[in-house]
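Trainee: First the structure, which I've put down as structure tokens, then a few questions once you've had a look.
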Amino acid sequence: MRKRGRLVRRAAPEAAETDLAIQTHGLTKTYGDLVAVDKLNLAIRTGEVFGLLGPNGAGKTTTILMLLGLSEPTHGRASVAGFDPTRQPLEVKRRVGYLPDDVGFYGEMTGAENLRYTAALNGIERRAANDRIGLLLEQVGLADAAGRRVEQYSRGMRQRLGLADALVKDPSILILDEPTASIDPAGVAEVLALIQSLARDNGVTVLLSSHLLHQVHQVCDRVAIFNAGRILAQGRMSQLAAELAGDQLELEVGLDGPPDQVEAALRASPGVVDVKPDPHDPGLWLVTGPQSIRGHLAVDLAARGLGVRHMRRVGDELDEIYQRYFSRDEGDHGNAA
């Protein structure tokens, strides 16, 4: 993806800025007896990339539609850029760029023409729009396809065009519903890098809805794990892992040396309560103990003549956190039943 320029934000909107770009209190949406979103409480800070993570059908898109003012909540309330989406949907739409999971364009028009149409709908002067559109198409890797009709675009190209379309009006908040759907791996990396730069360099707040754990882990400052309309947990990955771990910590430790010597050294370290070889890798060991062992284990092993080549807390990876929260949630439901 070529980057000859950088997007520059306009002056901040007249509405008072706060530390929270998006906030919900008890946001609920029901369809008859079906509870699609259940008492949702979110607090998304200005300028952060926040991941709404959950399987298809978890209620993520329903939540997004309520935040955009496209669906009215049954109960509760929301604030987006300081406005109530239900009462002030046009104010919200002026400040929020939205990429749906299945973006639609006029197929007979070119990519650039579709973006000019969006710019006109948002009252952007033609010359300013053309300058911005050229930079956006370059940013999302479609500069060479700007003059082609969108009906000739692949789904991945349409998704990239959708990201550019969401940015045309220079939003302060960007809401992306499965933004990397059907994009090739190289394109995914470029889109994720653009999302990060928008937040870091331009101060754009990004709400990213996805079921793809690895991608969310790469770009999000914080995540909310979402299932059956409810938030199971939210926070930084390290916070979620610590909550699951409680007082006990399990470390994956990589050491070279005779297994008997390595195991003896691990067991001799203060606080270690259990040591097991990793069943898949003879050079890795699973060490259990209180949270405090993380601070001194490597030093203790070095004093015994062993160098640590790898150490991480088991459960720090998002897929591990995700699966454990889901397992716990299913257990809670089973107990309730």
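The values are calculated or read from the model by the stated rules, or taken from the named source; none is laboratory data. Source: prediction; values computed, not measured. Cβ coordinates were reconstructed from backbone atoms using ideal geometry, including for glycine residues, and neighbour counts include every protein chain displayed.
Trainee: Mind checking whether some residue in segment 38-47 is free of Cβ contacts under 8 Å to residues at least 24 places away in the same chain and within 18 Å of residue 223 (Cβ to Cβ)?
Mentor: yes
Trainee: When only residues in segment 198-211 that are out of contact with any Asp or Glu (no Cβ under 8 Å at 6 or more places or on another chain) and closer than 24 Å to residue 68 by Cβ count, which is surrounded by the fewest Cβ atoms within 10 Å (Cβ to Cβ)?
Mentor: Step by step, filter segment 198-211, then rank; the result is 203.
Trainee: Would you pick out the residues in segment 274-292 that are surrounded by 13 or more Cβ atoms within 10 Å (Cβ to Cβ) and at pLDDT below 85?
Mentor: 290, 291
Trainee: Separate question: Considering only segment 265-284, how many residues are under 10 Å from residue 250 (Cα atoms) and out of contact with any Gly (no Cβ under 8 Å at 6 or more places or on another chain)?
Mentor: Of the residues in segment 265-284, 1 are under 10 Å from residue 250 (Cα atoms) and out of contact with any Gly (no Cβ under 8 Å at 6 or more places or on another chain).
Trainee: When you look at residue 123, is it free of Cβ contacts under 8 Å to residues at least 60 places away in the same chain and either outside the structural domain of residue 198 (by TED's automatic domain parsing) or part of a loop (DSSP other than H, G, I, E, B) (or both), yes or no?
Mentor: Answer is yes for this residue.
Trainee: Taking segment 97-129 on its own, how many of its residues are of a type in the set (A, V, I, L, M) and crowded, with 17+ Cβ neighbours inside 10 Å?
Mentor: Total meeting the criteria: 7.
Trainee: Going through segment 171-184 one residue at a time, which ones are surrounded by 20 or more Cβ atoms within 10 Å (Cβ to Cβ) and of a type in the set (Asp, Glu)?
Mentor: Within segment 171-184, 177, 178 qualify.
Yes/no per residue for (1) modelled with pLDDT of 80 or more; (2) under 13 Å from the mean Cα position of the chain (by Cα); (3) of a type in the set (Lys, Arg); (4) more than 22 Å from residue 20 (Cβ to Cβ):
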position	(1), (2), (3), (4)
190	no, no, no, yes
202	no, no, no, no
214	no, yes, no, yes
225	yes, yes, no, no
239	no, no, no, no
244	no, no, no, yes
265	yes, no, no, yes
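Trainee: Taking the condition assigned to a loop (DSSP other than H, G, I, E, B) and touching a residue at least 24 places away in the same chain (Cβ under 8 Å), does residue 179 pass?
Mentor: yes
Trainee: Scan segment 110-119 and tell me whether some residue there is outside any helix (DSSP H, G or I) and either modelled with pLDDT of 95 or more or out of contact with any Phe, Trp or Tyr (no Cβ under 6 Å at 6 or more places or on another chain) (or both).
Mentor: Yes, some residue in segment 110-119 is outside any helix (DSSP H, G or I) and either modelled with pLDDT of 95 or more or out of contact with any Phe, Trp or Tyr (no Cβ under 6 Å at 6 or more places or on another chain) (or both).
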